[in-house]
Amino acid sequence: MGIKSGWNRACAETIGSDVFWDIAVDHLSIRRELVPLIERYTRGRVLDAGAGRMAWRSLLQARADEYMSMDYEPTHPDLSFQGDLRGGLPIDDGSVDTVFCCSVLEHIPEPWLAFAELKRIMRPGGHIILSVPFIYYLHGAPHDYFRFTRHGVIAMATTAGFEIAELRTSGGIAHMLLHAVSMVSTSVLWHRRIPRLAAAPAQLLFGTAKLIDKLDREGLFAQTVNVVLRQPLDTP
């Protein structure tokens, strides 16, 4: 079994569980950054936009009155519906309180259209929890089109009519490189049928990445941009 197949197997067997978040540097990092935002802003009618294999479902459902999930492809049998974030979602205008959208916009050829569609469905005062890559490896090819600076995210969001509630960057070059190492270690341990040991090297590598990337105090080499957008209260 190769590294790629071992990694895919590890993800397939753990996604949706707490174990999934402990087996790689990137998983540990993004959960650490986004869980506080989920806890602070998720409420009411929630859309998991670009839900993929629904890694975030349990965290979002716990805080939602109604949870909906969508993706462009049939990525999971429990998806609420398939749709295109660029327009035409089967959701009424101004009817969603919270949108969660993680590592999705880079796979859309016209991400600015997604901002317009999310603007349409959001209730006044509602929030979008958005995470996009800045310095990150090619993934989901050939449908991997963009990387986003913080300024680019702000420009597209405010042009669409959103307010910026919070914005922070996370990770860095060390996170990205050591994530690749953690993928290899997890794959090997899964291949040898000792997956319970996968968390230890991932945690060690994550701690090392944090120490190194602290040197970049301005986030010039950030791995991801995490932002909370707010639909203005005076939105008609």
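Do we have A180 as touching a residue at least 12 places away in the same chain (Cβ under 8 Å) and touching a Leu at 6+ places or on another chain (Cβ under 8 Å) here?
In short, no.
Residues to consider are T159, T169; find the one that is polar (S, T, N, Q) and surrounded by fewer than 19 Cβ atoms within 10 Å (Cβ to Cβ).
Working: T169 fails: surrounded by fewer than 19 Cβ atoms within 10 Å (Cβ to Cβ).
Criteria check complete, one pass: T159.
Pull out all pairs, ordered by first then second residue, where Cβ-Cβ is under 9 Å, the residues are six or more apart or on different chains, the first lies in the range 135-153 and is on the phi > 0 side of the Ramachandran plot, and the second is part of a loop (DSSP other than H, G, I, E, B).
Taking only residues 6 or more apart or on different chains, the pairs are G140/S103.
Out of all the residues in the range 22-40, which are of a type outside the set (A, V, I, L, M), out of contact with any Phe, Trp or Tyr (no Cβ under 7 Å at 6 or more places or on another chain) and surrounded by fewer than 21 Cβ atoms within 10 Å (Cβ to Cβ)?
D22, R32, E33, P36, E39, R40, listed by residue number.
Any residue at all in the range 184-206 that is surrounded by fewer than 19 Cβ atoms within 10 Å (Cβ to Cβ), assigned to a helix (DSSP H, G or I), among the β-branched types (V, I, T) and in contact (Cβ under 8 Å) with a residue 60 or more places away in the chain?
yes
Just wondering, is there one or more residues in the range 182-199 that are in contact with a Pro (Cβ under 8 Å, 6 or more places away or on another chain) and at pLDDT 95 or above?
Taking every residue of the range 182-199 in turn, none turns out to be in contact with a Pro (Cβ under 8 Å, 6 or more places away or on another chain) and at pLDDT 95 or above.
For the range 155-175, give me each residue that is touching a residue at least 60 places away in the same chain (Cβ under 8 Å) and part of a helix (DSSP H, G or I).
Result: A157, H175.
Would you mind listing the helices (runs of 4 or more DSSP H) fully within the range 1-84 where at least 3 residues are in contact with a strand residue (DSSP E or B) (Cβ under 8 Å, 6 or more places away or on another chain)?
Fully inside the range 1-84 and qualifying: 25-41, 57-61.
Tell me yes or no: at least one residue of the range 99-121 is under 23 Å from E33 (Cβ atoms), surrounded by 20 or more Cβ atoms within 10 Å (Cβ to Cβ) and touching a His at 6+ places or on another chain (Cβ under 8 Å).
Yes, some residue in the range 99-121 is under 23 Å from E33 (Cβ atoms), surrounded by 20 or more Cβ atoms within 10 Å (Cβ to Cβ) and touching a His at 6+ places or on another chain (Cβ under 8 Å).
Among the residues of the range 214-236, is any in a helix (DSSP H, G or I) and at pLDDT 95 or above?
The initial filter retains those residues of the range 214-236 that are in a helix (DSSP H, G or I), namely none.
Checking the range 214-236: not a single residue is in a helix (DSSP H, G or I) and at pLDDT 95 or above.
The values are calculated or read from the model by the stated rules, or taken from the named source; none is laboratory data. On a predicted model such as this, the values are computed, not experimentally measured, just so you know. Every residue, glycine as well, gets a Cβ built from its backbone with ideal geometry; the counts of neighbours run over all protein chains shown.
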